[in-house]
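The values are calculated or read from the model by the stated rules, or taken from the named source; none is laboratory data. Computed from a prediction, not measured in an experiment: that's the story for all the values here. With ideal geometry, Cβ positions are generated from the backbone for all residues, glycine too; neighbour counts draw on all protein chains shown.
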Amino acid sequence: MTSTSLTGPNAVTIDVSSDNGGSGDNYGSGANDCSGTPTVFDDEAATGIASGVAPFAGSFIPEVGLSAFDGIPAAGNWTLNIADDLGGDVGTLFCYELVITRDIVVGGGGSSCQFNVNVTIPFDSCCVDDASGDIFRQVVASVPPTSPLYGYWEYEVAATSEIFAGIGNHVAYRPGLSIIIDDNDDPAVFCHAEIDFPRRKCRVQVRDITTGRNFVLRDRNINNNMCTVAPPPQS
């Protein structure tokens with residue numbers, strides 16, 4: 001038997017399924033490459049996971065509603081937690097997917113629709129580490145301080161293609177001069193970034209709190225970066 005939970009970027013963890021299925025095997029059926037019939041956890045399904053039977057092929061209501069994540073930013077780390085809490089057997093995770101949607105009210109009558117959204121983020125500038133090739137991007141200048149994107153940052157590790165992201169809880173922006181971003185209230189990732197436009201320098205520190213890894217980016221000539229973004233407007 002297994003216990004499965006999902007942790008969102010807001011550090012909230014919900015119980016998806018715990019010890020269901022008795023001695024039956026598997027969540028989902030068919031091929032192990034996402035082409036079979038998966039187990040889908042959906043608040044709008046007709047049957048609760050506790051009422052289903054192995055291999056749980058199809059859609060089921062999780063033990064705790066996914067609505068606990070409604071309204072939070074999608075950016076950040078989503079963690080699927082799986083624990084085998086019964087001895088005498090083994091298990092393997094072959095395939096999983098996370099689908100994030102948003103609701104838009106239409107027609108003024110309370111009806112809604114859902115669809116997947118691909119967002120093009122208007123990054124204002126980027127820094128590329130002169131040695132490692134790591135990339136730091138941020139959004140400050142092109143959106144008002146009231147925007148949900150204000151202070152959004154991404155750090156891409158060139159060696160592994162990992163991307164860490166978050167929203168700065170402290171942003172100091174001086175148009176044409178400098179940007180300082182601090183994200184130090186996130187339980188999963190820490191970021192401190194300083195961009196000096198007149199001196200064309202950038203220094204960023206990111207720490208993956210869950211693993212203790214640290215990444216430091218030093219860019220001594222931000223004008224030479226091969227990035228598809230423009231620097232903030234000069235004052």
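Summary of computed values
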| item | result |
| --- | --- |
| Search result, residues across region 210-223 that are surrounded by 12 or more Cβ atoms within 10 Å (Cβ to Cβ) and under 19 Å from GLY76 (Cα atoms) | ARG213, PHE215 |
| All positions within region 165-198 that are in a loop (DSSP other than H, G, I, E, B) and either in contact (Cβ under 8 Å) with a residue 60 or more places away in the chain or touching a Ser or Thr at 6+ places or on another chain (Cβ under 9 Å) (or both) | PRO175, GLY176, LEU177, ASP186, PRO187, ALA188, PHE197, PRO198 |
| Test: residue in region 126-139 that is modelled with pLDDT under 75, part of a strand (DSSP E or B) and closer than 25 Å to ASP70 by Cα | no |
| Looking only at region 1-60, and only at residues there that are under 30 Å from GLY168 (Cβ atoms) and aliphatic (A, V, I, L, M), the one that is surrounded by the most Cβ atoms within 10 Å (Cβ to Cβ) | LEU6 |
| Identity of the residue in region 158-189, touching a strand residue (DSSP E or B) at 6+ places or on another chain (Cβ under 6 Å), of a type in the set (A, V, I, L, M) and within 22 Å of ASN77 (Cβ to Cβ), that ends up surrounded by the fewest Cβ atoms within 10 Å (Cβ to Cβ) | ILE163 |
| Failed item, numbered, when ASN118 is tested on (1) under 30 Å from GLU194 (Cα atoms); (2) surrounded by 13 or more Cβ atoms within 10 Å (Cβ to Cβ); (3) modelled with pLDDT under 85 | (2) |
